[in-house]
Amino acid sequence: MNIPNSTLPRIVIIGGGFAGIALAKQLKNKKVQVVLLDKHNYHTFQPLLYQVATGGLEAGSIAYPIRKVIQEYDNFYFRLTSVQEIDTKNKKVIAEIGELSYDYLVIATGSKTNYFGNKEIKRNSMAMKTIPQSLNIRSLILENFEQAVLTTDVAEKNSLINFVLVGGGPTGVELAGALAEMKKAILQKDYPDLDIAKMEINLIQSGDRILNTMSEKSSLAAEKFLESLGVTIWKNVRVTNYDGRTITTNSDLTFETATVIWTAGVQGALVAGLDAQSLVERVERIRVNEFNQVKGYDNIFAVGDIASMETKEYPEGHPMMAQPAMQQGKLLGENIIKLIQHKEMQPFEYNDKGSMATIGRNKAVVDLPSYHFSGVFAWFVWMFVHLFSLIGFKNKAVVFLNWVYNYIRFDREGRLIIRPYKKKSFTSFTSDEV
């Protein structure tokens, strides 16, 4: 990989997501050599992917170059590559561009879409975990409407403008709200020769309430907001198959649709090479102790979505969200330095700062540790937190200006088909490729 030899301990980080970037920042200008590996040369602010998919934001406003993050860090190196395997015996990382030895290894590979083993759903539905996937969804949505104005077949037309979102978590809820606002204020202007009133937005949730990781109060408020926007919510319904045209469920309920967006679950994005005892097979996460050390290894760590730290409060590991990832990454940066200096490491304790979701214009829900609220104020809180969390002043400014413009004009000017979306055959792609 053309990394210079050094007398400093070498720390290799796999993944430039929330956890990897937080860790990198904490290791800035320390007496170590750091090599960051990622298959993209940018960090993605995933909470706003749905706005890229629905034309509210351009992709560049939620992405930030990794090299720009580390350009003023001493002894920091970035390599653009996918890691294929970890050779724990010889302390090497094996990637597409070559091999690299490590003294300390941090796995921060994040998560990927979980289809629960259903290959047909994986082949025919859309995922939304990366910027390219969000752009694919945007293209498909707009292409469907362009096709709908051409067809004279009523059933085909209805299928093209019927959208089904599977999964009632924050991603599904926020995407449903954004689509509903497009229907209400934009699509009827863009397509006056279509009966937009017939457009359907169906949100399917296998449990008895949406946003089931939030408070019941927030869940009910979000449900009311969505219904007021015209979204149909189906609870206690589990999707069993989707053949590209028809969704079947565990009941007699079926849906005819050309577009299914799968947000029903995630699992860890594992890298081969670790012992089986270190893995939680069901969700493909890596077992770690209170210092984020991988079980069975002293010099290998895992942070963020990929890490499963089982505690009394979180027996199945911390939630796969940005806050635990950033907090783990930051503390691990301190702990690795302590480990190198033969000092006692500090155990990780998650500080739950709350959770939130936006449903649309002036509609959001916020759960703080001791307070739950919804509506306009919650919406402003959601905007402030997300703006503050973006990396880079330019991204903050661009997103803010877009939101102000969209609010005043009730418009989304990012509805562009930059590249037509063509679905690949099942044998030629994995769940998170494009």
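The values are calculated or read from the model by the stated rules, or taken from the named source; none is laboratory data. Note that this is a predicted model, so its numbers are computed, not measured. Note that we place each Cβ from the backbone using ideal geometry, even for glycine, and neighbour counts take in every protein chain shown. Quick note on the areas: whole protein, heavy atoms, side chains included, nothing else; ligands and nucleic acids left out. Shrake-Rupley method; radii C 1.70, N 1.55, O 1.52, S 1.80 Å.
For the range 112-126, which residues satisfy the criterion of being closer than 30 Å to residue 299 by Cα and either open to solvent by less than 20 Å² (accessible area, probe 1.4 Å) or of a type in the set (Val, Ile, Thr) (or both)?
113, 114
Counting only residues that are outside any loop (DSSP other than H, G, I, E, B), farther than 26 Å from residue 214 by Cα and open to solvent by 10 Å² or more (accessible area, probe 1.4 Å), which one in the range 278-294 is modelled with the highest pLDDT?
Only one residue fits best here, namely 293.
From the list 399, 381, 385, exactly one residue is touching a residue at least 12 places away in the same chain (Cβ under 8 Å) and open to solvent by less than 20 Å² (accessible area, probe 1.4 Å). Which is it?
399
Just to be sure, is residue 174 within 19 Å of residue 379 (Cα to Cα), open to solvent by less than 50 Å² (accessible area, probe 1.4 Å) and in contact with a Lys or Arg (Cβ under 7 Å, 6 or more places away or on another chain)?
So residue 174 fails the test.
Can you tell me how many residues within the range 254-269 are outside any loop (DSSP other than H, G, I, E, B), open to solvent by 20 Å² or more (accessible area, probe 1.4 Å) and hydroxyl-bearing (Ser, Thr, Tyr)?
Going through the range 254-269 one residue at a time, the tally reaches 1.
Between residues in the range 67-86 that are without any contact (Cβ under 8 Å) to a residue 12 or more places away in the chain and residues that are part of a strand (DSSP E or B), which pairs lie under 9 Å by C-beta distance while being six or more apart or on different chains?
71/65
Here's the yes/no breakdown for (1) open to solvent by 50 Å² or more (accessible area, probe 1.4 Å); (2) in a strand (DSSP E or B); (3) within 26 Å of residue 32 (Cβ to Cβ):
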{"site": "237", "(1), (2), (3)": "no, no, no"}
{"site": "252", "(1), (2), (3)": "yes, no, no"}
{"site": "296", "(1), (2), (3)": "yes, no, yes"}
{"site": "315", "(1), (2), (3)": "yes, no, no"}
{"site": "330", "(1), (2), (3)": "yes, no, yes"}
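Return only the number of the condition from (1) of a type in the set (D, E, K, R); (2) assigned to a helix (DSSP H, G or I); (3) buried (at least 17 other Cβ atoms within 10 Å of the Cβ) that residue 412 does not satisfy.
(2) is the only condition that residue 412 fails.
Among the numbered conditions (1) farther than 20 Å from residue 203 by Cβ; (2) touching a residue at least 24 places away in the same chain (Cβ under 8 Å), tell me where residue 282 comes up short.
Single failed check for residue 282: (2).
Could you check, for the range 15-29, whether at least one of its residues is over 26 Å from residue 388 (Cβ atoms), over 14 Å from the mean Cα position of the chain (by Cα) and basic (Lys, Arg)?
The answer is no; no qualifying residue exists.
Quick one: how many residues across the range 23-44 are surrounded by fewer than 24 Cβ atoms within 10 Å (Cβ to Cβ), part of a loop (DSSP other than H, G, I, E, B) and of a type outside the set (Val, Ile, Thr)?
So the answer is 7.
If we keep just the residues of the range 347-356 that are touching a residue at least 40 places away in the same chain (Cβ under 8 Å) and within 27 Å of residue 9 (Cβ to Cβ), which is least open to solvent (accessible area, probe 1.4 Å)?
Among those residues, the one meeting the criterion is 348.
Residue-by-condition table, conditions (1) of a type in the set (S, T, N, Q); (2) under 30 Å from residue 121 (Cα atoms):
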site: 251; (1), (2): yes, yes
site: 261; (1), (2): no, yes
site: 265; (1), (2): no, yes
site: 283; (1), (2): no, yes
site: 294; (1), (2): no, no
site: 330; (1), (2): no, no
site: 336; (1), (2): no, no
site: 348; (1), (2): no, no
